[in-house]
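Structure record follows, encoded as structure tokens.
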Amino acid sequence: MDFVSYLPAIILLVLGFALVLLEMYLPGFGAPGILGCILLIAGVIAARPTPLQALIMAVVIIILLCIALSIFIHSASKGRLSNSRLVLKEVATRPENENELRYFIGKTGTTTTPLRPAGIAEFDGVKLNVVSEGEFVEAQRPVTVERVEGNRIVVREAQNT
């Protein structure tokens, strides 16, 4: 067989891959992913392979999709996904909250729950999830915000002077 006879199978496989990759980067309803899987199966069938060739094609497809998924997960864990042109900016979240939380550094408040080492404290009328540096702090004790690490607010018990 010549290349032209495999052209429909190649087109189906490429479109199937593209739709599955699109579903990885824009998760949602699942229509592109489902349609992509159907096109991948149709591409394998359109190639009219022997059972062994079909099995090899399926394994290669699965390996390629696993590689693409691992690249996607690695990209998402490094924060590069939110900068991608494929992700809608309304959906992408950035840690802008951290700058707002830095306002509380040096502020003194009161624990509303015991810190073991995590709990809740109130600062200027705002209740926040906080964590001590490992020590137990009883409820209704004064604490001071030492630092903010992302969305983690680290406090220490305030010294009575």
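Each label point is 7 Å from the Cα along the Cα-to-Cβ direction; what then is the distance between the points at Ser75 and Leu7, in nm?
3.1 nm
Using only the Cα atoms of the range 7-63, what semi-axes does the equivalent ellipsoid have when each is the square root of 5 times a gyration tensor eigenvalue? Give whole Å, largest first.
Largest first, the range 7-63 gives 22, 11, 8 Å.
Beta carbons within 10 angstrom, averaged per residue: use that to sort the peptides 147-154, 113-120, 63-70, highest first.
Numbers: 147-154: 14.1, 113-120: 16.5, 63-70: 12.4.
Top of the packing list down: 113-120, 147-154, 63-70.
Laboratory data are not the source of any read-out in this text; all were calculated from the coordinates shown. Quantities reported herein were computed from a predicted structural model and do not represent experimental measurements. All Cβ positions, glycine included, derive from the backbone under ideal geometry; neighbour counts span all protein chains shown.
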